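Engineer: Let me begin by handing over the structure; questions about it come next.
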Amino acid sequence: MWPWQRITAGPDDRDRPNVSGRMAKSGKFWLLAASHRNHRPVVVYSSQRRPVFIEMKRTIAIVEDEPSIRENYADALRRQGYRVTLHADRPTAADAFASRLPDLVIIDIGLGDEPEGGFALCRELRARSPQLPIIFLTALDSELDVVSGLRLGADDYLTKDISLTQLTARVVALFRRVDSMQQPDAAGTELTQGNLTLDLDRLTARWNGEHVALTVTEFWMVHALARRPGHVKNRDQLMEAASTVLDDSTITSHIKRIRRKFQALDPAFDAIQTVYGMGYRWLEQGNQAPP
Amino acid sequence: MNLRGQLLLVSLLTLLLPWGGCQAIREMESTLRHGQENNLRTATIAVATSLADNPQQIYRTSAHLNDPSWPAHDLYAYELNEAIAIDGYVNDWGNAPLPAPWHSGRAGTGNPLRYLLGKRGDYLYLFLAMRSQTLGGAADLDQAEILLETPGGALLRLRFRSPAPGPVVARVEILSGEPADTDVIAQRIVAYWQETGSGFHLELRIPRDIAGARIGFLVAAAGSESKAGSMAAAQPASPGMWFSEMPALSAYLSRFALPGVRLRVADRHGWISGDSGPAAPTDQAAPTPPYSLALRIYRLLLPERDLAPVAQAAPGRVSGTTATAAMSGKTWISRQHDPDGNRLLLAGAPIRDGERVIGAVLAEQPSDAYLSLTDPAAARLLNLAVLITFGVAAALLLFASVLSWRIGRLRRATQSALDNRGRLQTRMPGSRAGDEIGDLARSFEQLLGRVDEYTRYLHGLGDKLAHELRTPLTVVRSSLDNLDLASLTPADRACLERARGGAERLNTLLSALREANRLEQSLSSSEFEEFDLGEMIANMADGFRAGFPDRVFETETVAAPVVAAPDLVSQVIDKLVENAVEFSPAGGRIRLSLGEAEGQRGKAWTLTVANDGSRLGPGRKQRYFDSLITHRTERGITPHLGLGLYIVRLIAEFHGGSVAAGNSETLSGAEFSVTLPVSGTTS
């Protein structure tokens, strides 16, 4: 995916400040691959063994048929230092992606005259790259749309109620996860709560050692609950933790979906308890809920 | 009147069938009657013709024929069938019309004298019964006087008087004519005097060779001046003629008489001189019993026109229109009924001697005879018609019932087409029927289908609108987000904040607008579980106390296990409390109370949320639970679409419960309550 990643041979030169990774010689340049700073890709090249840091901008593709929204999102993301490509409809986006995949895709579901073009695009991309982060950003927020979007393998499903700040937070989180995935050996910050282990860098969860495929939103919700077992988190707190804007019934369906994902691995899972009228809480292993 | 009644009324028209049948039968009867009349008339004329120019067949003597008129003193002698014992008792007079009215002379019923005159073989018999209250002494006895004209033309007077019952001998006196031995004559006349409690009887036998064409009598009771009898009491008394039936003529007539027909010949004075005797019963079978009852009813329903009663003639005489007409030379036929109600057909034809009418043949036939012919057929026809009538009526009734059932079913389906949750049931029962009701059902289906489409359109309108408005709103919001805060002046920044606030409010409105619709979608995916409603309310009240510190929350709950969707129920409580908070002043009380209630399907819980504040206005309280209805009067800062209570209603009805609004009894404001059944069943 990264052009320099394919360069694997070369003498070691690890003694560089602020960077980690391997150096590789390509022509007259030394390259330091798979590096990042502040979760942004960095390319380091050197001709005289003095590294020069150049930020390699990550590319985000926005597929959105409404030009004003497209431009606004693009502006916001560009300000954050990303390279943004814009596509108005599914065919042009598919053509562009055929030659080169971006680093992250934000897709609207309704695209021009294709009411479910976003779903089709997501399916295509997921078939080509299992790792590519995909975010649905759409006005459609019915339960059915959310479920279909996530079932197609999208990493998150956001409604257009979300603010640009929240959107960028989500993008950053996803990149962090991608980066940490590429460093399998690196030990991330982990939170262990009974059978649950949360990797806070990779934003992944494991239950009894098995991987639970949570979206970023879901991960943050689980994290908010599991961090302080027994404490009731109300809906507002969960929304804040997940850095999103959701109405009551959407939170309910999120919780339902989280439970189902855990129950798929462990049918006896009942760690998330509903406290009617108040919110939800994480039950410590073996402890019954206080009455 | 309902359809069934109307069709039943129409079915009464089939009663025309039996009526028509009756008319046809009457027509048939009329034809038969006509034939019968013709037959009888023909027979009567034939007999009359055969008797023409032959007066001696009708009249015993020419004196009888030429008797100028009908003298008041004429008598009639019955042809007696049995031998008469001369004993003063009337009981052996057999066929003489006893106890029919005796000949009572012409003095009316007050007349104390009654008599019978009979003829048998060579004898003439006379029976006199006198009512007399007084018993006379020796000098004044009851006495009877009989004047007799002999065949020879002599006039005899026979006197009887007896002091005691027993055989008496007449004192014979020759008033005129040739002298004869009166003792011999007296010996030949046998008489018997009998006393009774109320008078006396005199019975006597006179040989025919003494009794000529005339006879008369006078009776005087003892101690009484007046005399009663067939003659005038004044002297010289003149006896009247006696007439009698001619046996030869009767035998002749009986040869002509058809079965069921009685032929009689009357002379020109009206006396019967020939009689074929009572009609023999016809050999046709009488109507069989099963028909007779029905027939009687039909006859009752279809009465024949009134018949004249048969004229009652004095014994030995004929009378009535038929006889009068025949005597005056006309052939006549008429229908009458006798005292027993039997219909009779009467025919009369004159008997002529040259130009002169010397008598009349009268025929009499019971006209019920043809009924025996027509009635079984009629009864069968009528029974069949009645059966058909009832059958048709029953079929029509059934048909009407089916029709009205179908229409009723359609009506019920139309009435219940809109269910509690505002959904339209567009399928109509019976829409596959090919008739007009099927057409109607299909029209209803089409109409409901269109209404449903429109309702759906309206239903989705808010959602669509919200969705469509969302994109430009996103444009606005993201553009505002994109503004570089650093480069703005403080004034610009305030302006930006205001714009953001407006966009935020717009966003809240749109979310609220879609919330109800989204809720309807999510209802179907809700899961029911058992939980304690009371505990939930207590928990939530804690949250509310924290969330709304400037309101006083009071709770009054019981342990209330319920099977429901907890998320939805908590949403209900949320909405009710939100509503109460909005309408109560700061520091106002809000009371949440839970109590047991009787729902439509057994036990239920009623949650009531009351608040201090203003009371509800008059009008339909349920309207507060409609979509987009708000009862606020002042505009608040937070947007309000009036969807909260609508959501409450949707959820309550989804659980099979109900909602109610009213004014609180304990607090100063309104109260809204929700009733949820204990065992949750989705409506």
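Engineer: Which condition number in (1) surrounded by 12 or more Cβ atoms within 10 Å (Cβ to Cβ); (2) modelled with pLDDT of 75 or more is the one that B:ARG255 fails?
Structural biologist: Going through (1) surrounded by 12 or more Cβ atoms within 10 Å (Cβ to Cβ); (2) modelled with pLDDT of 75 or more one by one, B:ARG255 breaks only (1).
Engineer: Output the number of residues of region B:325-344 satisfying the condition of being out of contact with any strand residue (DSSP E or B) (no Cβ under 6 Å at 6 or more places or on another chain) and at pLDDT 85 or above.
Structural biologist: Summing the residues that are out of contact with any strand residue (DSSP E or B) (no Cβ under 6 Å at 6 or more places or on another chain) and at pLDDT 85 or above in region B:325-344 gives 2.
Engineer: Under 7 Å between Cβ atoms, at least 6 apart or on separate chains: pull out the pairs that start in region A:71-89 with a residue that is more than 10 Å from every other protein chain (Cβ to nearest Cβ) and end on any residue that is among the polar types (S, T, N, Q).
Structural biologist: What qualifies is A:LEU77/A:THR168; A:GLN80/A:THR168; A:ARG83/A:THR59; A:THR85/A:THR59.
Engineer: Any idea which of B:VAL572, B:VAL563 is of a type in the set (Val, Ile, Thr) and buried (at least 21 other Cβ atoms within 10 Å of the Cβ)?
Structural biologist: Selected residue: B:VAL572, the only one of B:VAL572, B:VAL563 that is of a type in the set (Val, Ile, Thr) and buried (at least 21 other Cβ atoms within 10 Å of the Cβ).
Engineer: Go through region A:257-283 and give me each residue that's within 13 Å of chain B (Cβ to nearest Cβ) and either in contact (Cβ under 8 Å) with a residue 12 or more places away in the chain or not aromatic (Phe, Trp, Tyr) (or both).
Structural biologist: Hits for region A:257-283 are A:ARG257, A:ARG259, A:ARG260, A:ASP270, A:GLN273, A:THR274, A:VAL275, A:GLY277, A:MET278, A:GLY279, A:TYR280, A:ARG281.
Engineer: Here's a follow-up. Just the residues that are under 20 Å from B:ARG264 (Cβ atoms), under 60 Å from the mean Cα position of the chain (by Cα) and at pLDDT below 80, please, taken from region B:51-72.
Structural biologist: B:TRP70
Engineer: Follow-up question, since we're still on this one. Going through region B:304-330 one residue at a time, which ones are surrounded by fewer than 18 Cβ atoms within 10 Å (Cβ to Cβ), of a type outside the set (D, E, K, R) and assigned to a loop (DSSP other than H, G, I, E, B)?
Structural biologist: The answer is B:LEU307, B:ALA311, B:GLN312, B:ALA313, B:ALA314, B:PRO315, B:SER319, B:SER328, B:GLY329.
Engineer: A:LYS57 is checked against (1) away from chain B (no Cβ under 14 Å); (2) out of contact with any Pro (no Cβ under 9 Å at 6 or more places or on another chain); (3) of a type outside the set (A, V, I, L, M, F, W, C); (4) farther than 25 Å from B:LEU480 by Cα and fails just one. What number does that condition carry?
Structural biologist: (2)
Engineer: Ok, one more. Of the numbered conditions (1) assigned to a helix (DSSP H, G or I); (2) over 29 Å from B:SER525 (Cβ atoms); (3) in contact (Cβ under 8 Å) with a residue 24 or more places away in the chain, B:SER593 satisfies every one except a single condition; which is it?
Structural biologist: Unmet condition: (1).
Engineer: Out of everything in region B:526-554 that is facing chain A (nearest Cβ under 7 Å) and within 30 Å of B:ALA466 (Cβ to Cβ), what residue ends up being surrounded by the fewest Cβ atoms within 10 Å (Cβ to Cβ)?
Structural biologist: So the residue we want is B:GLY543.
Engineer: I've got another one for you. In region B:555-587, what residues are within 14 Å of chain A (Cβ to nearest Cβ) and assigned to a loop (DSSP other than H, G, I, E, B)?
Structural biologist: Result: B:THR557, B:ALA559, B:ALA560, B:ALA565.
Engineer: Next question, about the same structure. Within region B:192-234, can you find the residues that are at pLDDT 80 or above, of a type in the set (D, E, K, R) and part of a loop (DSSP other than H, G, I, E, B)?
Structural biologist: Once the filter is applied, which keeps residues that are at pLDDT 80 or above, of a type in the set (D, E, K, R) and part of a loop (DSSP other than H, G, I, E, B), region B:192-234 yields B:ARG208, B:ASP209.
The values are calculated or read from the model by the stated rules, or taken from the named source; none is laboratory data. These figures come from a predicted structure and were not determined experimentally. Please note: Cβ atoms are built from the backbone with ideal geometry, for glycine as well, and neighbour counts cover all protein chains shown.
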